[in-house]
Number of protein chains: 2
Amino acid sequence: MREGVSGTGRGAGPRRSQEIFEATLDLLAAQGYEGLTVEGVAERSGVNKTTLYRWWPSKGALVSAALTGAGRLGLRVPDTGTLRGDLEAIVRQVVDLLTAPPTSAVAVAALGAVTHSPDLARSVRGFFADRLAREREVFERAVARGELPPDADPVLLIDLLAGAVWLRVVLRQQPVEPDFVPRAVDTVLRGAATR
Amino acid sequence: MREGVSGTGRGAGPRRSQEIFEATLDLLAAQGYEGLTVEGVAERSGVNKTTLYRWWPSKGALVSAALTGAGRLGLRVPDTGTLRGDLEAIVRQVVDLLTAPPTSAVAVAALGAVTHSPDLARSVRGFFADRLAREREVFERAVARGELPPDADPVLLIDLLAGAVWLRVVLRQQPVEPDFVPRAVDTVLRGAATR
């Protein structure tokens, strides 16, 4: 018996899915994937373990659902009217995701554990695939407006922009200067437009 | 008393520094930063623990030295005659670093542990700073040849290119298609040149 659908409108889940996802991500950040248990999520969220298992038959399934379904990690797909505006909004969201606690801790914890767990690797892959799928409309609108050639590769453009943020923030551990976002978008847009 | 300098010509170290660095990186990949001990490196490399401590007073200092000094992680600064050729060579080296074992395991292990250890975070920061410093000459030659405007930002260009590889390979866990490197470099070069 289903208990209702999540408030995010993104996939079915028990009524309290956001609390469950929050508890899952908190524990992932605090204890890593190895230390995370469905029992721990049940305790922290106050949702019955049986309910959790009914919706997500394994820890991996629960973490996957949390990574793509949690509001705090979610991508708000922008529609500013220009590709430049949309890309700047997307890149700013990546900067916020990686610099503002508590999401930054979750992002880095998930990343760090990727190689230690094929299960988590699958969840992280799903997280990025979901975002890319949702970002496609930004590029479709840009092609329709004539801002981007039809053969442009949205995945390459996103890899360049989001990758620069990951490298700078997580690996190089450098601050993101105020003009970083417009300069990065400007470089990639010029590169994509002039082929 | 010094025992000689390393074969890489990059900083002083005991005669067998490459074996020591290899042992350090192997243990880092296998056991993570927490599990790594100077004793373990001594045992694996066959170099006396006292010698190790004489050169590197702490585990953090040893890992820092290994990350920047080990031949297998080293950047070979290209000089192909064009910025395009140089950047493609640099990006290919990043792809190799992250896809070919055993370096890929080391890269991801170091990355994953960054947030758990301020000590390792410093080493990883040093690793990237060292690479960026060595890559500068590629951009200086490009400016001298008129391929790049003098106000171009080499760090931004490298963050875009290397970041795209990290995101694609480590996080999204996707293969790098044969045309990825030229297409990425092409996009960034056009973006950088036409300002």
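Within the range B:143-170, residues that are touching a residue at least 40 places away in the same chain (Cβ under 8 Å) sit with their Cβ atoms under 8 Å from residues that are part of a loop (DSSP other than H, G, I, E, B) and crowded, with 18+ Cβ neighbours inside 10 Å, at 6+ positions apart or across chains, in these pairs: B:165/B:176; B:169/B:176. The set of residues in the range A:30-52 that are part of a helix (DSSP H, G or I), over 16 Å from residue A:15 (Cβ atoms) and aliphatic (A, V, I, L, M) comprises A:30, A:38.
In summary, residue A:136 fulfils each of the numbered conditions (1) farther than 28 Å from residue A:61 by Cβ; (2) of a type in the set (D, E, K, R); (3) in a helix (DSSP H, G or I) with the single exception of condition (1). Of all residues in the range B:128-155, those being within 25 Å of residue B:72 (Cα to Cα) and not β-branched (Val, Ile, Thr) number 12. Going residue by residue through the range B:81-99, is there one that turns out to be of a type in the set (Lys, Arg) and within 22 Å of residue B:33 (Cα to Cα)? No, the conditions are met nowhere in the range B:81-99.
Cβ-Cβ distances below 9 Å connect the following pairs, each with a first residue in the range B:173-195 that is under 14 Å from residue A:192 (Cα atoms), a second residue that is polar (S, T, N, Q) and part of a loop (DSSP other than H, G, I, E, B), and a separation of six or more residues or different chains: B:190/A:194; B:191/A:194; B:194/A:194.
Cβ-Cβ distances below 7 Å connect the following pairs, each with a first residue in the range A:97-111 that is in a loop (DSSP other than H, G, I, E, B), a second residue that is surrounded by 20 or more Cβ atoms within 10 Å (Cβ to Cβ), and a separation of six or more residues or different chains: A:102/A:29.
Only one of the listed residues (A:100, A:89) is of a type outside the set (S, T, N, Q) and either over 24 Å from residue A:21 (Cβ atoms) or surrounded by fewer than 17 Cβ atoms within 10 Å (Cβ to Cβ) (or both). That residue is A:100. If you check A:142, A:109 for being closer than 23 Å to residue B:107 by Cα and surrounded by 15 or more Cβ atoms within 10 Å (Cβ to Cβ), only one passes: A:109. If you filter the range B:123-139 down to residues that are surrounded by 15 or more Cβ atoms within 10 Å (Cβ to Cβ), of a type in the set (A, V, I, L, M) and touching a Lys or Arg at 6+ places or on another chain (Cβ under 9 Å), you find that the one that is modelled with the highest pLDDT is B:132. Check whether at least one residue in the range A:164-184 is under 21 Å from residue B:160 (Cα atoms), modelled with pLDDT under 90 and in a helix (DSSP H, G or I), and report yes or no. For the range A:164-184, residues under 21 Å from residue B:160 (Cα atoms), modelled with pLDDT under 90 and in a helix (DSSP H, G or I): present. Apart from one condition, residue A:99 fits all of (1) over 20 Å from residue B:124 (Cβ atoms); (2) under 15 Å from the mean Cα position of the chain (by Cα); (3) more than 7 Å from every other protein chain (Cβ to nearest Cβ); the exception is (1). Tell me whether the range A:172-187 contains one or more residues that are hydroxyl-bearing (Ser, Thr, Tyr) and more than 21 Å from the chain's Cα centre (by Cα). Yes, that holds for at least one residue. Residues of the range B:145-167 that are surrounded by fewer than 24 Cβ atoms within 10 Å (Cβ to Cβ), within 11 Å of another protein chain (Cβ to nearest Cβ) and farther than 16 Å from residue A:179 by Cβ: B:167 alone.
The values are calculated or read from the model by the stated rules, or taken from the named source; none is laboratory data. Source: prediction; values computed, not measured. No Cβ is skipped: glycine too gets one built from the backbone with ideal geometry, and neighbour counts run over all protein chains shown.
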